[in-house]
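Down below is the structure, laid out as structure tokens.
The values are calculated or read from the model by the stated rules, or taken from the named source; none is laboratory data. Values in this document were obtained by computation on a predicted structure and should not be read as measured data. A quick note on method: Cβ atoms are made from the backbone with ideal geometry, for glycine too, and the neighbour counts reach across all protein chains shown.
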């Protein structure tokens, strides 16, 4: 079996599950959900604890002793857990005994259900307010200390859901911005907020275009390439969003060699924040599952950025992002 086929098989086995860090089960009491694990030679997730049995502290301690890095829950139970975790998130984020990377994972899970619901239902006004809230929390959390990007990568969700992509990208963007010596808390807040809004243009694309499999027609490609413009047009009317954020969203698909879209501008004309978003946005897309392909592993994602530096991406930012992993 080819490597691609193996990855596709693993992705299919996990399609109906979501990974959850162990720390989540120490924070939320009385889960009442099925817990699964996936060992190296398992063809599908294996049940550890059933939903009819309340997970006791002794059971969780026993599971922790097995040294699972993550457990799995079904997609349906994940939404239930997301809502329960949201009710105690602030307490968890303030707990300095929990590593920053794990607290970020808890934040991603806690907001997953609400982000996904508001975006899928196209409740733009409510989603806009939530994006500002989540962006500020991501920025504030990741300014509290040094972050292991590799550990963060291992804990995040890499599926095709909206919540996963925008929270991954927001976290990566803050880490990269700090590595590029953007130190202003206000600027980091605005960068994270814009990341949560970067997919808004997709709400105004023809139905079914994003989920379509196979090669797009020239007309369909032209429609897809309008997404940054559509996002810009709807967001420029919102109070509280500034020029840098708008350019970040509008220009994130431009390439430094002038072959991007929507207007094919050259590198020196692209806003620095848009160049930053372009790097982490592409990295997360490559290393996450999509309907038409499984996620690439970490090293392949970094190689993709390296191969496209000087054409798609700003070389300095690519080098800085790769260096963030190598310094761990």
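From the list 145, 135, the one residue that fits, being in contact (Cβ under 8 Å) with a residue 40 or more places away in the chain and either surrounded by fewer than 18 Cβ atoms within 10 Å (Cβ to Cβ) or assigned by TED's automatic domain parsing to the domain that holds residue 24 (or both), is 145. Residue-level check: of (1) under 17 Å from residue 191 (Cβ atoms); (2) in contact (Cβ under 8 Å) with a residue 40 or more places away in the chain, residue 287 misses just (1). Taking the condition in contact with a strand residue (DSSP E or B) (Cβ under 7 Å, 6 or more places away or on another chain) and crowded, with 20+ Cβ neighbours inside 10 Å, does residue 105 pass? Criteria met by residue 105. Checked against (1) at pLDDT 95 or above; (2) under 23 Å from residue 325 (Cα atoms); (3) surrounded by fewer than 23 Cβ atoms within 10 Å (Cβ to Cβ), residue 169 passes all but a single condition, namely (3). How about segment 298-307: which of its residues are more than 10 Å from residue 283 (Cα to Cα) and touching a helix residue (DSSP H, G or I) at 6+ places or on another chain (Cβ under 8 Å)? Selection gives 306 alone.
Residue pairs whose Cβ atoms lie under 6 Å apart, separated by 6 or more positions or on different chains, with the first residue in segment 295-323 and surrounded by 16 or more Cβ atoms within 10 Å (Cβ to Cβ) and the second in a loop (DSSP other than H, G, I, E, B) and at pLDDT below 95, are 295/289. Filtering segment 268-289 to residues that are at pLDDT below 95 and buried (at least 16 other Cβ atoms within 10 Å of the Cβ) leaves only 289. The lone criterion from (1) farther than 23 Å from residue 15 by Cβ; (2) at pLDDT below 75; (3) surrounded by fewer than 17 Cβ atoms within 10 Å (Cβ to Cβ) left unmet by residue 55 is number (3). Annotation for segment 173-193: no member residue is assigned to a helix (DSSP H, G or I), touching a residue at least 60 places away in the same chain (Cβ under 8 Å) and over 27 Å from residue 315 (Cβ atoms). On inspection, residue 31 does not qualify as touching a helix residue (DSSP H, G or I) at 6+ places or on another chain (Cβ under 6 Å) and modelled with pLDDT under 80. If the condition is being without any contact (Cβ under 8 Å) to a residue 24 or more places away in the chain, within 15 Å of residue 125 (Cα to Cα) and surrounded by 12 or more Cβ atoms within 10 Å (Cβ to Cβ), then segment 199-240 contributes 233, 236. So is residue 130 surrounded by 13 or more Cβ atoms within 10 Å (Cβ to Cβ), at pLDDT 95 or above and in contact with a strand residue (DSSP E or B) (Cβ under 8 Å, 6 or more places away or on another chain) or not? Here the answer is no, as residue 130 does not meet what is asked. Of the helices (runs of 4 or more DSSP H) lying entirely inside segment 70-129, those containing at least 3 residues that are in contact (Cβ under 8 Å) with a residue 60 or more places away in the chain span 75-86, 100-120.
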